[in-house]
Amino acid sequence: MSKISAAITAVGGYVPDYVLTNQILETMVDTNDEWITTRTGIKERRILKDKDKGTSYLAIQAANDLLKKSNTNPEDIDMVIMATATPDMPVAATGVYVATQIGAVNAFSFDLVAACSSFLFGMSTAAKYIESGRYKKVLLIGADKMSSIIDYEDRATCIIFGDGGGAVLFEPNTEGYGLQDEYLRTDGIGRQSLKIDAGGSLLPPTAETVANKQHYVFQDGKTVFKFAVSNMADVSEKIMARNNLSGDDVNWLVPHQANMRIIDATAKRMNLPQEKVMKNIHKYGNTTSATLPLCLVDYEKQLKKGDNLVFASFGGGFTWGAVYVTWAYDPN
Ligand code: UT7
């Protein structure tokens, strides 16, 4: 029997309608369009304004977009992996609710939490289930309602993040297309540099933690930047080297969208021109678990069967890595 690889066979995505521009942020905190654009590359981001909707809403919309576009029967899905840093609730996995809501009644589901690398680590996880031969359709969703954990009085973080969701379907392939290799890393040294202090078992919520704004994201941007800019490039270079890929062989870099300068540094190290780099940071900001699948949605029509894609991410924890995929279908 031929070896089974895990191919991406469909993508879907969703972003909310409300657009939070740099100009609007200028009226909220002491910042300006020029600073945000030159330091991050971000012009605007989408925000889910509805108070009664959580990350599951973004995930359901993204998954339904995929199901509709690919004409997939949700009852055929074997598992749903929900990559997120902002679950609807601390207990009762968001993915379980999402799977039921989209009609994936024969699937089992769980949440996968690894900050901005949740989706990348989810790709690795989804692929293992497919490669086992036991699972035929694995739906990986990356979604985050970052606006639910951001302090809109903190200019260091509120200009960066946005809300969104993306989904990909993994299926077995016996022609060699799909996930080829991965290099995933973590280092707990990063725990203090990008975090939410309170609300977990270490520091449960109290009136004091709320008053101290300890339920919002804190980021020591400079430290995270330093680690991100070198490590994302390192793993991308490494995965190319061990698969004998030169810049000419790589058709696309699919990078996590945290900062345009980090993306540019990674592309430069890989010897890739700008035209081969997927970007949505200018219009969505950093959507955490949704950056990679939302890139695929935007660029799907330009992807051809056999294209070599290198996915790369860096996130809190620290968590980071690169995944090498050969694309399995032509645009229709
Ligand atoms: O996705 C998960 C992983 N996250 C990342 O990869 C993010 C990595 N870090 C970054 O992208 C960057 O560090 C930031 C975009 C967050 C910040 O950019 P930076 O170039 O590192 O700026 P900085 O924090 O060193 O701040 C430079 C100056 C400071 O002023 P002084 O001390 O030089 O007077 C800040 O107070 O810019 C000031 N500043 C701002 N000014 C206008 C900080 N935020 C703002 C702002 N508008 N929004």
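Residue under question is VAL98, and the condition is that it be at pLDDT 95 or above, away from the ligand (no atom under 16 Å from the Cβ), surrounded by fewer than 17 Cβ atoms within 10 Å (Cβ to Cβ) and β-branched (Val, Ile, Thr); does it hold?
Answer is no for this residue.
Applying the selection to segment 138-160, what residues are of a type in the set (Val, Ile, Thr) and within 9 Å of the ligand (Cβ to nearest atom)? Don't jump to the end; show me each part of the working.
Taking segment 138-160 first, the residues of a type in the set (Val, Ile, Thr) are 138, 141, 149-150, 157, 159-160.
Of everything in segment 138-160, those that are of a type in the set (Val, Ile, Thr) and within 9 Å of the ligand (Cβ to nearest atom) turn out to be THR157, ILE159, ILE160.
Consider ASP52 against the criteria (1) of a type outside the set (Gly, Ala, Ser); (2) touching a residue at least 40 places away in the same chain (Cβ under 8 Å); (3) away from the ligand (no atom under 16 Å from the Cβ): it satisfies all of them except one. Which criterion is unmet?
If we test ASP52 against (1) of a type outside the set (Gly, Ala, Ser); (2) touching a residue at least 40 places away in the same chain (Cβ under 8 Å); (3) away from the ligand (no atom under 16 Å from the Cβ), just (2) comes out false.
Does any residue in segment 145-163 that is assigned by TED's automatic domain parsing to the domain that holds ASP220 and under 23 Å from ASP52 (Cβ atoms) come within less than 9 Å, Cβ to Cβ, of a residue that is open to solvent by 10 Å² or more (accessible area, probe 1.4 Å) and within 8 Å of the ligand (Cβ to nearest atom) six or more places away or on a different chain, and which pairs are these?
Qualifying pairs under 9 Å: none.
Tell me yes or no: at least one residue of segment 87-106 is under 16 Å from the mean Cα position of the chain (by Cα) and part of a loop (DSSP other than H, G, I, E, B).
yes
Scan segment 94-116 for residues that are among the hydroxyl-bearing types (Ser, Thr, Tyr) and more than 26 Å from TRP320 (Cα to Cα) and jot them down.
Within segment 94-116, TYR97, THR100 qualify.
Return yes or no: is LYS51 modelled with pLDDT under 95 and surrounded by fewer than 23 Cβ atoms within 10 Å (Cβ to Cβ)? Lay out the reasoning, then the answer.
On the way: modelled with pLDDT under 95: yes; surrounded by fewer than 23 Cβ atoms within 10 Å (Cβ to Cβ): yes.
Judged against the criteria, LYS51 is a match.
Could you grab me the full set of residues in segment 106-126 that are crowded, with 24+ Cβ neighbours inside 10 Å and more than 23 Å from ALA92 (Cβ to Cβ)?
CYS116, SER117, LEU120, MET123
Scanning for something without any contact (Cβ under 8 Å) to a residue 24 or more places away in the chain, buried (at least 16 other Cβ atoms within 10 Å of the Cβ) and over 29 Å from ILE8 (Cα atoms), does segment 189-201 turn up at least one residue?
So far as segment 189-201 goes, yes, one or more of its residues are without any contact (Cβ under 8 Å) to a residue 24 or more places away in the chain, buried (at least 16 other Cβ atoms within 10 Å of the Cβ) and over 29 Å from ILE8 (Cα atoms).
The values are calculated or read from the model by the stated rules, or taken from the named source; none is laboratory data. None of the values given here were measured: they were computed from a predicted structure. No Cβ is skipped: glycine too gets one built from the backbone with ideal geometry, and neighbour counts run over all protein chains shown. We work out accessible area using only protein heavy atoms, side chains counted, and drop any ligands, DNA or RNA first. Shrake-Rupley method; radii C 1.70, N 1.55, O 1.52, S 1.80 Å.
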